[in-house]
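Visitor: Take this structure first; my questions come after.
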Amino acid sequence: SAVGIACLAQLMTRVVLGPKWADAAPLIAALALIGAIQALNSCYWPMLLTRLGPRTVFRLAALGAALTIPVFGVVLWTVGLMPAIAAWILCGVVMLFVGARWLLNDLRQSMVPLLRALFRPTFGAAAMAVSLISVQSVFPPGQQWLSGIVALLGLVGFGALVYAAAVGCLWMAAGRPHDAESELIFLLRTRLSRAA
């Protein structure tokens, strides 16, 4: 996930690109989060285009540009690159919810089910981020390339396990509703039964 890449950006940069690229790690982390926002946007933009038409989609894109470009420019000019990228990410999140609100208004639906559906993966990503940052601070990876690869693979597996455990526990605490988690379990059971 993008949050995992952001948390492991420094180690990934050192292992994949080499220590000379260490200064690029914060930028890679920010770009991973921007990519996640774009992926979420792509989930409902086709429906926006179908239901509301290209004119509304253009207005939404223009609104996003009118918000993001000035904010990015002002923060870049006054503070620096990384705060400007953080402001860009924040504007992207705002526009993500604005677009969802427009679509839900057209569908005459409430925002509450969407926020409820996002709660478990958001909590899981937060738990994964806290765990990865904590482990790296307590057990910093070695400086050798091989030890870095071992640490990176171990942290990727650990982060995935924490995310899955956090989301799974919340799903079971919610009474195992018929959501993405149940669909995933059904898919895994189907694949395993076919393999057996």
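Visitor: Yes or no: segment 32-42 includes at least one residue that is in a helix (DSSP H, G or I), free of Cβ contacts under 8 Å to residues at least 40 places away in the same chain and farther than 30 Å from R14 by Cα.
Guide: Within segment 32-42, one or more residues are in a helix (DSSP H, G or I), free of Cβ contacts under 8 Å to residues at least 40 places away in the same chain and farther than 30 Å from R14 by Cα.
Visitor: Go over the candidates R191, R176 one by one and state the one that is open to solvent by 80 Å² or more (accessible area, probe 1.4 Å) and at positive phi.
Guide: Testing whether each residue is open to solvent by 80 Å² or more (accessible area, probe 1.4 Å) and at positive phi leaves just R176.
Visitor: What is the residue count in segment 67-106 for residues that are out of contact with any helix residue (DSSP H, G or I) (no Cβ under 6 Å at 6 or more places or on another chain) and open to solvent by 60 Å² or more (accessible area, probe 1.4 Å)?
Guide: Number satisfying all stated conditions: 13.
Visitor: Only one of (1) of a type in the set (G, A, S); (2) within 14 Å of the chain's Cα centre (by Cα); (3) open to solvent by less than 20 Å² (accessible area, probe 1.4 Å) is not met by G35, so which one is it?
Guide: Going through (1) of a type in the set (G, A, S); (2) within 14 Å of the chain's Cα centre (by Cα); (3) open to solvent by less than 20 Å² (accessible area, probe 1.4 Å) one by one, G35 breaks only (3).
Visitor: When you go through (1) without any contact (Cβ under 8 Å) to a residue 40 or more places away in the chain; (2) closer than 24 Å to D179 by Cβ; (3) open to solvent by 30 Å² or more (accessible area, probe 1.4 Å) one by one for S137, which number turns out not to apply?
Guide: S137 satisfies all of (1) without any contact (Cβ under 8 Å) to a residue 40 or more places away in the chain; (2) closer than 24 Å to D179 by Cβ; (3) open to solvent by 30 Å² or more (accessible area, probe 1.4 Å) except (2).
Visitor: Kindly evaluate T50 against the criterion of being open to solvent by 40 Å² or more (accessible area, probe 1.4 Å), of a type in the set (S, T, N, Q), more than 18 Å from T122 (Cα to Cα) and modelled with pLDDT of 90 or more.
Guide: Criteria not met by T50.
The values are calculated or read from the model by the stated rules, or taken from the named source; none is laboratory data. Everything quoted here is computed from the prediction, not taken from an experiment. With ideal geometry, Cβ positions are generated from the backbone for all residues, glycine too; neighbour counts draw on all protein chains shown. Quick note on the areas: whole protein, heavy atoms, side chains included, nothing else; ligands and nucleic acids left out. Shrake-Rupley method; radii C 1.70, N 1.55, O 1.52, S 1.80 Å.
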